[in-house]
Each structure stands twice: as C-alpha cells, then as structure tokens.
Number of protein chains: 2
Amino acid sequence: MSAGASTGDTPRLGDRRTLARTLTWLEAGDPRGRAADTGTREQDWAYVVGVTGSPGAGKSTLTNEFVRLLRHSGQTVAVLAIDPSGPFSGGALLGDRIRMSEHQHDPGVYIRSMATRGQLGGLALAVPASLRVMSACGFDVLIVETVGVGQIEVDIAQQADTTLVVINPGWGDHVQASKAGLLEIADIFAVNKADRAGADDTAAELNYALDFAAPNRWRPPVERCVAETGEGVEKVWAAVQSHRHHVTSTGQLDRQRRSRRIEELRIAVREVAARRAERQLQAPDAAAVIDSVAAGDIDVVDAAHLLLDGDQAGGAGTRQGCTTAT
Amino acid sequence: MSAGASTGDTPRLGDRRTLARTLTWLEAGDPRGRAADTGTREQDWAYVVGVTGSPGAGKSTLTNEFVRLLRHSGQTVAVLAIDPSGPFSGGALLGDRIRMSEHQHDPGVYIRSMATRGQLGGLALAVPASLRVMSACGFDVLIVETVGVGQIEVDIAQQADTTLVVINPGWGDHVQASKAGLLEIADIFAVNKADRAGADDTAAELNYALDFAAPNRWRPPVERCVAETGEGVEKVWAAVQSHRHHVTSTGQLDRQRRSRRIEELRIAVREVAARRAERQLQAPDAAAVIDSVAAGDIDVVDAAHLLLDGDQAGGAGTRQGCTTAT
C-alpha cells in the first residue's frame, strides 16, 4: 500500500498462520523471519501509526476503537502491541487472544503482541521488520502500540509515521518532568478519559507548552476523547489523517523513512559487529584480561580493546578519582 | 574497604570536587573518567547495596534513613542515584543538592545522581566504574538507588552486592505482572509506608510467593518500615547486614563479583566493536546498501553483514511473510 492508498482496494491478506509464524521468528531472532523481510519496496509499505503513553492511559481501548473505525470504512488494519519484557513487566500477555476474539472471523484485522529478550538488535530490529512483513500482507494501516516508559519504547514509538501520545486528565501534575520528552515525540496528543475532571486544564496546559515549543511546520493538535464510549475517537483519527496528509505532501514521510532505515542499518551493523566481537571472550587470554580488571591494573574499556586487537587504546593512566588514594 | 570492613577505620575520603569531576567524566563517557577506574583491587571494593522499586515507593527516603543510621554508627557512605534519562523522564534532577544539604559539612557522606545518554556502554559501564571510583575514595558502604521500571534499571540493580526492593502496601494489586521479576532480583523486600492499610496483606502475599519460588540458599526476608518516621528502618538495615554476611561467608560475593566483571567486559567488548563498526556507515558503498534495503532487495541484517565484510551471510531467501504476496 502506498502512503495514499485508497480504501477501496481488495485486501490481499495472507494466511494468518504463515504471518503469525513469521512474526514469531522475527520475535525470536530466527533468520527465517528475516528472509521474509524482503521483496517489498519502501514506497509500498503501509502507513504506520504509533500509539504510546503511560500504562493505564487507555492505549489499547483507543486502538480498538481505531480498528472498529477503520473496518467500518472498509480499511484493513494490523496491530502490533509491544509488550515491554523487563523482569518488572512479566512477559507475554494473553491480551492478543482476548482482543482478537471480537475480530476472529474478520480477515481484515490482525492483532499481535510482541515481546523480545536479548536477541539480535532486540525490538529495534524486530519491530520494523515485523511492520514490513505485516505491510507486505496488504493491510492498509498498521498500528504499533507501546508503553511509553523507557528509552526502548520511545525509540519504537518514533518508528511510526505518525506518533499519537495518549494522556489522561491530571497528567500534568503527575509527570511534570516527562513533558519535554513527550512534546518532542508527539505528532498528536489524545487526552483520553476526557469525561473526568481536569481534562480542560490538561489540554490547556499542553497547548500552552506546545505554543512555547520549538516552532515546527506541524503543530501537534490536542484532541479530547473517551475511548471507552467511542466519544471523540473520530476526531482523533481525523487528526492522524491530517498529519498523514502533512507528512506525505511535504515529502517528510520519505525523509523520515529514509532516516529510520539508516538508523535501523546502524543498529544492525553495531549488533552484528558486537555479536562477532563477543566471541573474543572465549579466547584463551580472556581469563587473564578479566583478572587484570579485578586486580585494578586496567580499566574495562582498555581491557575490551586489548581483547579485540591486543592494543591498549584509550589513555589508561594514573588514577584521579580522589586525591587521597588508598 | 574489604567486604567485611570494620566501622572503626578512619575514612580516607577524597576531595569532593575531584570525585565529582571524575563522576562527571564517567557520566559523559570522557576517557579521563576511565583513567580513574584503576588502581584498586576488587577485594578492596566497598560493599554495594542496591535500592530499587517503583517511582514513589520511598526509595530516597529510605536511603536517607540508611545514611543517617550509618553515620550514627561511624560508617561513611556514598549514594549513587540513577536518574533514568529517557525522553519521558526529563533529565537531571536538582535532588542531589537538596539531599546533600543536610550533610554538607560531613565528609563521610556523598550523594550524587547520574543520568547518561548514549555514551559508550551507557549506564551499564558508567555505574560500576563510578562505584569503583567512589569505593577507592574510602567510603565504607555504597548505595545505588534506581527506579525499577525498565531493563536498564534492573540491570543496574543487579550490580549491587545486596539488592533491596522497596514496595508499598497494595503493591500486589497494582503490579501483579511484575512479581515474578521482583522475586528474582530481590535479596530483601522492604514494605515501606507500612502504616498504611494493606501492609499485612502485602507482606503475606509476598511471603507466600517467596515460599513458592525456586528454593535458594538465601530466602529473601520481608521487612516492614515507615521510612518517613524511621520506624523499622534499623530492621531493614539489619537484614542487609545478614545478607552481606551470607554472601561473604558462602563465597557468593566473590562469585557474584566475578560474573559481574565478566558481564561488564562483555558489554565493553560489544560496545567498542560496535563503535568501530559504525564507521562502515560512512563508507562509499553504504548509500547503495541503504537503497537496496529500501528496494526490498535485501534485509537489514544481511545489509549489515555486507557493509562489514562484503559477505552476505545469513540466509536471505524468498519472502515467506504471507502466502498471497503482492
């Protein structure tokens, strides 16, 4: 689908089981997943909408409303829900099945969550590849849903063509410190649960902050909605469409995609090189280098240089940490 | 200081400004910081206590109580507070100065926060180096304080010799999914704000979960406290001391430190190799490779191999993402 794909196209949707298997490969870092990530030109990639925000902000509910809206207008949609997989978050959710149950007989909807642990490049490589594979299956729109709590999640949110940040009334009080970052990544703000007290203040505060932000050709609109009831959801989606029109017509979409592609290649290059280098830790002299670190003879970065090429690059000199050394 | 350092030692404390400058170098990835990270043998490193938990759990308050307790018993202490620096968190805090103000005329206390963005190895390398430099300045105990919300923070928490997880009453209801991870990394649980409703239930739930966890030579105790008033803080600290005695007497401390050192070297090796490899993106043929990715001719990992050594390793084959390919 081109960025301006019409909604009238017949969906060329793949077999779900093949798609699911491919995404599982990508999630696990299995090379068979990567083999599926070719054959589609960038200009044919589906449009990607990122939905991010704090836990409990209502991202899934809003995404589900978008899915309903898109299906209603005849468009097909696939959702990739990123499940942050740190020890604190608990791993894969049963959410997929619950969310899919509403759409189980509709080939125009696909919902999938993804969690990764430690494979090559992690989510930074698995997510864009998954989006391309989903894209190749002919979905009109892709939605990538992330919890915006850490750098990894933010990086993923930035892989979207349009990034929607979901906040709640009273947000300004809670995460004052977060504002700057949110202002940077959001193309659109949705104040969800806008039937609660403080929605006006939150929207006003945000608008105030946005007025003072660095001037840009696109000024993120602040839309209110109640995803639970569907109220205002169309307006939020209309804002997504406006942003899409903006990035498409200004050529920003192409530039964004190219810079994301370069960034992705940068991550892949780093990761492939890092994997190869790790083998040096199995080298016979690795134990001696590790012991030198323990003895305080060498710092760990110099030790790494030593292992990689026998060259103690970077100036390890006298210790200067404190004047009254032991 | 050895792991079993007596409290009677005269603190050999360095000049604060030199220490502060060195930590700033380490934070910024300046090689002068690394130069300070040598000269002390591992067995002389200070004992490191990690304090982690959700935002608002009361980590800083509890840490401040520990500082008071330690000073009261004549021990010196340095605190490294990790400030997660994703776009969502907002960057450096003024907290240091506020927290230090109570101790400004006491050379036996040092409090410092650290945030890092993207330098070599990030916090994974800066934190242990900083702890060693602080250690070399002669502090008896180091406390590293992290917000336990993401993988990076958890990794840091695991760099401590004893990891204390701070939770609050009602915690069980809130982050059900997180339990498994917390159970894995905690050596001690502190139920802080234990004067609130639900403290007994939370402690009971935790104990129940711990009884079912994989058997271990150390069974994390669950202690209740009210850091705001100081109530129960001594009991929590006593638990830290018990764990310290356990890891020291069983040899676990040495094994832990050695495996952390190997892990640190692994990160450094990966990072140094990745930095070197990134230069390939400046190579004359890089643009063509990037265009091949855009054209769908090659996947990004194969592109990385191609850039690194002209070899298209890893099987890019036919696309299998969906059966009805475009």
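Here are some notes:
- B:Leu80 vs. criteria part of a helix (DSSP H, G or I) and surrounded by 20 or more Cβ atoms within 10 Å (Cβ to Cβ): no
- Residue in the range A:271-284 that is in a helix (DSSP H, G or I), closer than 30 Å to A:Arg217 by Cα and within 7 Å of chain B (Cβ to nearest Cβ) present: no
- Among the residues of the range A:192-239, those identified as in contact with a strand residue (DSSP E or B) (Cβ under 6 Å, 6 or more places away or on another chain), in contact (Cβ under 8 Å) with a residue 24 or more places away in the chain, open to solvent by less than 40 Å² (accessible area, probe 1.4 Å) and over 18 Å from A:Leu69 (Cβ atoms) are A:Ala199, A:Thr202, A:Leu206, A:Pro220, A:Val222.
- Qualifying positions in the range A:271-291 - free of Cβ contacts under 8 Å to residues at least 12 places away in the same chain and of a type in the set (Lys, Arg): A:Arg276, A:Arg279
- Of the criteria (1) hydrophobic (A, V, I, L, M, F, W, C); (2) modelled with pLDDT of 95 or more; (3) more than 30 Å from B:Ile290 (Cα to Cα), which one A:Ala199 fails: (2)
- Residues being crowded, with 21+ Cβ neighbours inside 10 Å and more than 20 Å from the chain's Cα centre (by Cα) - total across the range B:13-35: 2
- Summed over the range A:257-306, the residues that are under 30 Å from A:Ala46 (Cβ atoms) and either open to solvent by 40 Å² or more (accessible area, probe 1.4 Å) or of a type in the set (D, E, K, R) (or both) give a count of 11.
- Residue pairs whose Cβ atoms lie under 9 Å apart, sitting 6 or more positions apart in sequence or on different chains, and linking a residue in the range B:47-61 that is basic (Lys, Arg) to a partner that is surrounded by 24 or more Cβ atoms within 10 Å (Cβ to Cβ) and not in a strand (DSSP E or B), are B:Lys59/B:Gly148; B:Lys59/B:Asn192; B:Lys59/B:Ala227.
- Of the residues A:Arg244, A:Arg261, A:Arg219, the single one that is of a type in the set (Lys, Arg) and within 30 Å of B:Ala274 (Cα to Cα) is A:Arg261.
- Matching residues, the range A:244-253, being more than 18 Å from the chain's Cα centre (by Cα) and in contact (Cβ under 8 Å) with a residue 60 or more places away in the chain: A:Val247, A:Thr248
The values are calculated or read from the model by the stated rules, or taken from the named source; none is laboratory data. Bear in mind that the values here come from a model prediction, so they are computed numbers and not experimental data. Virtual Cβ from ideal backbone geometry, glycine too; neighbours counted across all protein chains shown. All accessible areas refer to the heavy atoms of the entire protein, side chains included, with ligands and DNA or RNA removed. Shrake-Rupley method; radii C 1.70, N 1.55, O 1.52, S 1.80 Å.
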